[in-house]
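Quick notes on the structure that follows.
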Amino acid sequence: MERGSRPHGSGGDGEPVWDLALLFPQQGAWSEDDYLALNRRTNWPIELSDGRLEVLAMPTPFHQRIVKYLFKLLEAFVLANAAGEVFVAPLPVRLWPGKLREPDVLYLRPGRIRDAFSPPDGADLAMEVVSEGEESRDRDLRIKRAEYARAGFAEYWIVDPRDRTITVLVLDAETYREHGIFGLGSNATSVLFPGFQVDVREAFAAGEAP
């Protein structure tokens, strides 16, 4: 098939359903409206980055148990000590026009949500539980670190099951500085929320719990 050609037809066995694929924009041409329309019709973990869809790794029970554990801890703390709301993915967050991410856990101060049906503009704290695979690791450890800093997220937690660490990054001007890399036997602490802490061992144990 020639480069740039776009076949038509239902396709034979083992081939894409071309007519269905052609209903969607090509990579590099996705708008926010295109993305949000797809997002409302599927439960796929997908993010929008500069006109391209990025399909994320499907979460495992281990991953989701950790997410649930962190969400419950952070929500309980916020309800008792601060204004705002805590959410869990899937919830698209607009970093800037054309860039929407879905942090695993996020805190939004009052005023971030313009209406009940649109993505919030940014976030104040995001947590990502790193999925398996080098692409996922690169996205959470490097790409999102730069993006969340550019978008002004005050704090970014990277929960790394491979290394059994929680890295807490705090915004310092336009980049993050490491507040701490917390391992087993220690408590990860927050700068944004003094008094909030997570027992690292318990967080990963939550992922393995039956």
Apart from one, (1) more than 24 Å from residue 204 (Cβ to Cβ); (2) of a type in the set (A, V, I, L, M); (3) crowded, with 17+ Cβ neighbours inside 10 Å all hold for residue 73; the odd one out is (1)
Can you tell me which residue is surrounded by the most Cβ atoms within 10 Å (Cβ to Cβ) among those in the range 149-171 that are in contact with a Gly (Cβ under 9 Å, 6 or more places away or on another chain) and not in a strand (DSSP E or B)? 153
Do we find that residue 168 is of a type outside the set (D, E, K, R) and in contact with a His (Cβ under 6 Å, 6 or more places away or on another chain) in this structure? yes
Which of the residues spanning the range 98-108 are in contact (Cβ under 8 Å) with a residue 24 or more places away in the chain and not in a loop (DSSP other than H, G, I, E, B)? 99, 100, 101, 105, 107, 108
Take the conditions among the small types (Gly, Ala, Ser), surrounded by fewer than 20 Cβ atoms within 10 Å (Cβ to Cβ), touching a residue at least 60 places away in the same chain (Cβ under 8 Å) and more than 18 Å from residue 104 (Cα to Cα) and apply them to residue 195. Does it pass? yes
Return the pairs, sorted by first residue and then second, in which the second residue is part of a strand (DSSP E or B) and modelled with pLDDT of 90 or more, the first residue lies in the range 125-136 and is under 20 Å from residue 151 (Cβ atoms) and of a type in the set (Asp, Glu), the beta carbons are less than 8 Å apart, and the residues are 6+ apart or on different chains. 128/156; 128/157; 128/158; 128/159
Single unsatisfied condition, residue 50 versus (1) modelled with pLDDT of 95 or more; (2) under 30 Å from residue 31 (Cβ atoms): (1)
Return only the number of the condition from (1) surrounded by fewer than 16 Cβ atoms within 10 Å (Cβ to Cβ); (2) free of Cβ contacts under 8 Å to residues at least 60 places away in the same chain; (3) not in a helix (DSSP H, G or I) that residue 141 does not satisfy. (3)
Checking residue 80 against (1) in contact with a strand residue (DSSP E or B) (Cβ under 9 Å, 6 or more places away or on another chain); (2) without any contact (Cβ under 8 Å) to a residue 12 or more places away in the chain; (3) farther than 18 Å from residue 204 by Cβ; (4) not charged (D, E, K, R), the condition it does not meet: (1)
Can you tell me which residue among 128, 102 is under 23 Å from residue 85 (Cβ atoms), touching a helix residue (DSSP H, G or I) at 6+ places or on another chain (Cβ under 7 Å), buried (at least 18 other Cβ atoms within 10 Å of the Cβ) and among the charged types (D, E, K, R)? 128
Exactly one of these conditions fails for residue 111: (1) part of a loop (DSSP other than H, G, I, E, B); (2) at negative phi. Give me its number. (2)
Residue selected from the range 76-99 under the condition within 15 Å of the chain's Cα centre (by Cα) and β-branched (Val, Ile, Thr), by the criterion surrounded by the fewest Cβ atoms within 10 Å (Cβ to Cβ): 88
Determine, yes or no, whether residue 176 is over 19 Å from residue 87 (Cα atoms), surrounded by 14 or more Cβ atoms within 10 Å (Cβ to Cβ) and aromatic (Phe, Trp, Tyr). yes
For the range 172-188, how many residues meet the condition of being part of a strand (DSSP E or B), in contact with a helix residue (DSSP H, G or I) (Cβ under 6 Å, 6 or more places away or on another chain) and farther than 14 Å from residue 158 by Cα? 1
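The values are calculated or read from the model by the stated rules, or taken from the named source; none is laboratory data. Since the structure is predicted, the reported quantities are computational estimates derived from the model, not experimental observations. Reconstructed Cβ throughout: ideal geometry from the backbone, glycine too, with neighbour counts over all protein chains shown.
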